[in-house]
1. Only one of these conditions is not met by residue 21: (1) at pLDDT 90 or above; (2) surrounded by 10 or more Cβ atoms within 10 Å (Cβ to Cβ). Which number is it?
2. From 56, 63, 74, 52, grab the single residue that is touching a strand residue (DSSP E or B) at 6+ places or on another chain (Cβ under 7 Å), at pLDDT below 80 and on the phi < 0 side of the Ramachandran plot.
3. Only one residue in 37, 26, 12 is touching a helix residue (DSSP H, G or I) at 6+ places or on another chain (Cβ under 8 Å), surrounded by 10 or more Cβ atoms within 10 Å (Cβ to Cβ) and at pLDDT 75 or above, so which one is that?
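The values are calculated or read from the model by the stated rules, or taken from the named source; none is laboratory data. Quantities reported herein were computed from a predicted structural model and do not represent experimental measurements. Positions of Cβ are backbone-derived with ideal geometry, glycine not excepted, and every protein chain shown enters the neighbour counts.
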């Protein structure tokens, strides 16, 4: 597809890009494209790492009741 692209063809394409977008916009377009590719790669990596684990997670037992109530006062063990 791009095998027969010569140096003069590349120069003509660059000239058309400068005429269409302007010299100031080309670096902005390039950085936006780079950030988009980086975000795409990161989302692909996140999607593959979101697979469910093969071993089930260990169950967490609730902590033993503490002698302090939620209001901050100590609980009375006997009346």
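1. Unmet condition: (1).
2. Values: 56 fails: touching a strand residue (DSSP E or B) at 6+ places or on another chain (Cβ under 7 Å); 63 fails: touching a strand residue (DSSP E or B) at 6+ places or on another chain (Cβ under 7 Å); 52 fails: touching a strand residue (DSSP E or B) at 6+ places or on another chain (Cβ under 7 Å).
Exactly one residue qualifies, and that residue is 74.
3. Working: 37 fails: touching a helix residue (DSSP H, G or I) at 6+ places or on another chain (Cβ under 8 Å); 12 fails: touching a helix residue (DSSP H, G or I) at 6+ places or on another chain (Cβ under 8 Å).
Going through 37, 26, 12 in turn, the sole match is 26.
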